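Data first, discussion second: the structure below is written as structure tokens.
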């Protein structure tokens, strides 16, 4: 099968594996394609996945070229984080779209997204205390160019669901990638996040909020005896709630 047949006339032969976690980062058909069409394909090029979940060390490999005979290296968690693609020589490239890619910000230039994501993940994966890094992330993009601002805005919109629930800024988006403890530290003094507390379900959260206890910070001041008198909160749940809020208070 020729190179152009592969891309333009044989798309139905490309099978999609349902379990993406086991997809190879360098699909055999791409590796074979590069070897068999060396006159128009100049090895493989790594394309990192344009998602905020992609690790920094993988994002930094974006655009790397591999021209070896063996299988190229795997970065991150396999195809979930990126893929090796045939690198078409410039003389044969028909890409007039500026290397656009699908992302959690929509269809954008991959280089712009990678720039955005590298900056974001650099902060997120830093050794800064949780609160400090998340406050930096809230303002990330404000002082960057319009392309980065556009990407940041659309990541927030696309990650917030149809109504933008609980996704008012990039910190809300990245909070999904924190550990449970880090997430509680960040939202400790912020309302509308009681569902992350141990022992709290929707009914309990409503009861707490209706009684004015809208944050973990406020709940941390309550004793078990004060919690059990609230509607829908039993002794076991009250103990879990009190202990969890106190533990997070101490960590802050």
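The values are calculated or read from the model by the stated rules, or taken from the named source; none is laboratory data. Computed from a prediction, not measured in an experiment: that's the story for all the values here. When we count neighbours, we look across all protein chains shown, and the Cβ atoms used for this are built from the backbone with ideal geometry, even at glycine.
Values as computed for the structure displayed
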read-out: Pairs, first more than 17 Å from residue 52 (Cα to Cα) in region 117-138, second at pLDDT 95 or above and not in a loop (DSSP other than H, G, I, E, B), C-beta under 6 Å, six or more apart; value: 130/182; 130/185; 130/186
read-out: Count of residues meeting criterion [part of a helix (DSSP H, G or I), at pLDDT 95 or above and surrounded by fewer than 18 Cβ atoms within 10 Å (Cβ to Cβ)] in region 120-140; value: 5
read-out: Residues satisfying the stated conditions in region 188-204, i.e. surrounded by fewer than 18 Cβ atoms within 10 Å (Cβ to Cβ) and assigned to a helix (DSSP H, G or I); value: 195, 196, 202, 203
read-out: Any hit, region 169-187, residues being outside any helix (DSSP H, G or I), assigned by the TED database to the domain that holds residue 120 and modelled with pLDDT under 95; value: yes
read-out: From 91, 42, 95, residue being at pLDDT below 85, buried (at least 16 other Cβ atoms within 10 Å of the Cβ) and out of contact with any helix residue (DSSP H, G or I) (no Cβ under 6 Å at 6 or more places or on another chain); value: 42
read-out: Condition met for residue 143 (closer than 22 Å to residue 115 by Cα, modelled with pLDDT under 95 and either in contact with a strand residue (DSSP E or B) (Cβ under 7 Å, 6 or more places away or on another chain) or assigned to a helix (DSSP H, G or I) (or both)); value: no
read-out: Residue satisfying condition, being exposed (fewer than 14 other Cβ atoms within 10 Å of the Cβ), modelled with pLDDT of 95 or more, not in a helix (DSSP H, G or I) and not assigned by the TED database to the domain that holds residue 135, within set 225, 221; value: 221
read-out: Residue 236 vs. criteria in contact (Cβ under 8 Å) with a residue 24 or more places away in the chain, outside any loop (DSSP other than H, G, I, E, B) and within 23 Å of residue 107 (Cβ to Cβ); value: no
read-out: Any hit, region 75-82, residues being over 30 Å from residue 177 (Cα atoms) and either modelled with pLDDT of 85 or more or surrounded by fewer than 18 Cβ atoms within 10 Å (Cβ to Cβ) (or both); value: no
read-out: Pair list, Cβ under 6 Å, 6 or more apart: region 53-74 residue touching a residue at least 60 places away in the same chain (Cβ under 8 Å), other residue in a strand (DSSP E or B) and surrounded by 15 or more Cβ atoms within 10 Å (Cβ to Cβ); value: 54/48; 59/48
read-out: Filter pass, residue 192 being assigned by the TED database to the domain that holds residue 151, within 30 Å of residue 53 (Cα to Cα) and at pLDDT below 95; value: no
